Amino acid sequence: MKASWKFAKGTYLTLFVVGMTGMAVLLFAYHQKHYSEILTGVIGGTTIILGMVTAEWLRDSREQVERTKKLIDIILSNFKQLLYNAEFLLDEPYSEKYSVEYGRLINIRTALMTLGTTTKWPQPNARKIREIAREIDTQIFALYADAVESGYLWSVEKRYQLISEADKILGLVLGNKNPESNLAHFINQVEKYRETPVNTGIPKVWAKKLIEGKD
């Protein structure tokens with residue numbers, strides 16, 4: 001329940017001031033023996049303040065969910081391209097020639113770090129999203145460090161495996177408690193419309209990349 005009270009600092013301050021003011025007024029009413037008049041005013045004022053706080057909380061909630069979806073869109077639209085074309089890290093990743101690829105890497109890491117630190121309730125599965133986002137970002141940086149510092153690029157299989165990790169975040173954002181089972185259900189549904197046998201191994205496109213790497 002703690003996460004449900006993660007308001008902005010301004011809201012915390014408002015609640016504190018309202019609480020202290022309410023206590024002061026009630027003490028004054030007790031001292032003056034005019035309970036009914038002052039208590040009516042307190043109740044009315046408190047209702048208005050609570051309405052304002054609730055409206056701000058609902059707005060923050062909507063913004064939180066929308067922000068998370070935008071970050072997911074950044075990750076999903078860049079992740080496969082980055083991992084599929086990661087060889088640029090072995091060349092001159094900071095050169096103008098690879099500005100698009102390097103920009104893609106920065107965008108993905110920024111989105112992952114933001115998801116891993118700012119995702120909170122009422123976003124469904126906020127804690128799991130933070131954990132997976134931080135884990136994926138750590139692996140992406142490890143891949144980057146191995147390539148840039150040591151001239152070693154992760155295998156195609158290992159890079160492809162990272163994609164399935166990122167897919168888990170999408171399932172969690174959509175509110176699925178168990179993204180693995182939901183993904184399996186989706187795959188089963190897709191199989192009904194497939195015109196070719198299901199490939200349980202690495203996809204042909206990635207297998208081609210694997211062969212190229214062995215030449």
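The values are calculated or read from the model by the stated rules, or taken from the named source; none is laboratory data. As the structure is a computational prediction, the values presented were derived from the model and not from experiment. Note that each Cβ is placed from the backbone with ideal geometry, even for glycine, and that neighbours are counted across all protein chains shown.
Residues are listed down the side, and each one gets a yes or a no for (1) within 30 Å of GLN64 (Cα to Cα); (2) touching a helix residue (DSSP H, G or I) at 6+ places or on another chain (Cβ under 7 Å):
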residue	(1), (2)
LEU105	yes, yes
LYS128	yes, yes
GLU131	yes, no
PHE186	yes, no
ARG194	no, no
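Can we say LEU153 is out of contact with any His (no Cβ under 6 Å at 6 or more places or on another chain) and assigned to a helix (DSSP H, G or I)?
On the way: out of contact with any His (no Cβ under 6 Å at 6 or more places or on another chain): yes; assigned to a helix (DSSP H, G or I): no.
No: the conditions fail for LEU153.
Tell me, yes or no, whether the stretch 58-72 has at least one residue that is of a type outside the set (Gly, Ala, Ser) and within 20 Å of GLN139 (Cβ to Cβ). Talk me through it step by step, then tell me what you get.
Step one: of the stretch 58-72, the residues of a type outside the set (Gly, Ala, Ser) are 58-60, 62-72.
Retained after the next criterion (residues that are within 20 Å of GLN139 (Cβ to Cβ)): 71-72.
There is at least one residue in the stretch 58-72 that is of a type outside the set (Gly, Ala, Ser) and within 20 Å of GLN139 (Cβ to Cβ).
On the basis of being modelled with pLDDT under 90 and not in a helix (DSSP H, G or I), does LYS168 make the cut?
Values: modelled with pLDDT under 90: yes; not in a helix (DSSP H, G or I): no.
When the stated conditions are applied, LYS168 does not pass them.
Any residue at all in the stretch 149-163 that's over 26 Å from the mean Cα position of the chain (by Cα) and at pLDDT below 85?
Checked the stretch 149-163: no residue is over 26 Å from the mean Cα position of the chain (by Cα) and at pLDDT below 85.
From the list TYR12, TYR98, TYR84, TYR94, which residue is among the hydroxyl-bearing types (Ser, Thr, Tyr) and modelled with pLDDT under 75? Outline the logic, then answer.
Values: TYR98 fails: modelled with pLDDT under 75; TYR84 fails: modelled with pLDDT under 75; TYR94 fails: modelled with pLDDT under 75.
One residue alone meets the criteria, TYR12.
Just the residues that are over 15 Å from LYS158 (Cα atoms) and either outside any helix (DSSP H, G or I) or touching an Asp or Glu at 6+ places or on another chain (Cβ under 7 Å) (or both), please, taken from the stretch 186-215.
The answer is LYS192, TYR193, ARG194, GLU195, THR196, PRO197, VAL198, ASN199, THR200, ASP215.
Quick one: in the stretch 87-103, of everything that is in contact with a helix residue (DSSP H, G or I) (Cβ under 6 Å, 6 or more places away or on another chain) and among the hydrophobic types (A, V, I, L, M, F, W, C), which residue is surrounded by the most Cβ atoms within 10 Å (Cβ to Cβ)? Spell out how you get there, then give the answer.
Residues of the stretch 87-103 in contact with a helix residue (DSSP H, G or I) (Cβ under 6 Å, 6 or more places away or on another chain): 88-90, 93, 98, 101.
Narrowing the set further to residues that are among the hydrophobic types (A, V, I, L, M, F, W, C) leaves 88-90.
Details: PHE88: 19, LEU89: 23, LEU90: 14.
Checked the stretch 87-103; the qualifying residue surrounded by the most Cβ atoms within 10 Å (Cβ to Cβ) is LEU89.
Output the qualifying pairs, or none if there are none: Cβ atoms under 8 angstrom, residues six or more apart or on different chains, first residue in the stretch 167-193 and polar (S, T, N, Q) and crowded, with 16+ Cβ neighbours inside 10 Å, second residue at pLDDT 65 or above and assigned to a helix (DSSP H, G or I).
ASN182/GLY171
Which members of the stretch 47-61 meet the condition of being of a type in the set (D, E, K, R) and farther than 13 Å from TRP121 by Cβ? Before the answer, list the steps.
Narrowing the stretch 47-61 to residues of a type in the set (D, E, K, R): 56, 59-60.
Answer for the stretch 47-61, where residues must be of a type in the set (D, E, K, R) and farther than 13 Å from TRP121 by Cβ: GLU56, ARG59.
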